[in-house]
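No value in this document is a laboratory result; all are computed from the given coordinates. Note that the structure is a prediction, hence the values are computed from the model and not measured. Here the Cβ positions follow ideal geometry from the backbone for every residue, glycine too, while neighbour counts run over all protein chains shown.
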Amino acid sequence: MDILIVDDNLSITTMLEKYLTIKGYTCTVSNSGRNGLSLIENKKFDAVILDLAMPDFSGIRVIESLSKSGKIKTTKIIVLTASIIDEDQMQQLRDQGVFTILKKPAELDVLLEALNS
């Protein structure tokens, strides 16, 4: 399974990449929302782990761009965020095409379950 991890926190992307690689996944990392969007637009990933709160180009903007282009329909987006987000906001993200939303710190077995479902 080919996974894209998009998060501005280098510690998080490094840890997730190492963990998922050990679990047998192939990982690509982007520490920028804009770069992450470009990768999604130019390559097919089995899943994208996306942070919402990134400077300059947020995960919300990535989701909006994918929604406008229709690419979100073919992209499994797993939001992994520390942002304060209420049920209405989570439902809006799901309505836009986000597969699931996990709050940091998420249990890694829950993340694996989301990736494999």
Using DSSP to define loop residues, name the trypsin sites (Lys or Arg not before Pro) in the range 41-117 whose beta-carbon has at most 12 other beta-carbon atoms within 10 Å. 43, 44
Would you be so kind as to identify which of 91, 69, 29 lies farthest towards the positive end of the dipole of the range 2-111, taking Lys and Arg as +1 and Asp and Glu as -1 on Cβ and the Cα centre as origin? 69
Given the pairs 68/103; 23/76; 73/104; 76/104, which are separated by over 23 angstrom at their Cα positions? 68/103; 73/104
Please tell me the relative contact order of the chain in percent, rounded to the nearest whole number, where contacts are Cα pairs under 8 Å and at least six residues apart. 22 percent
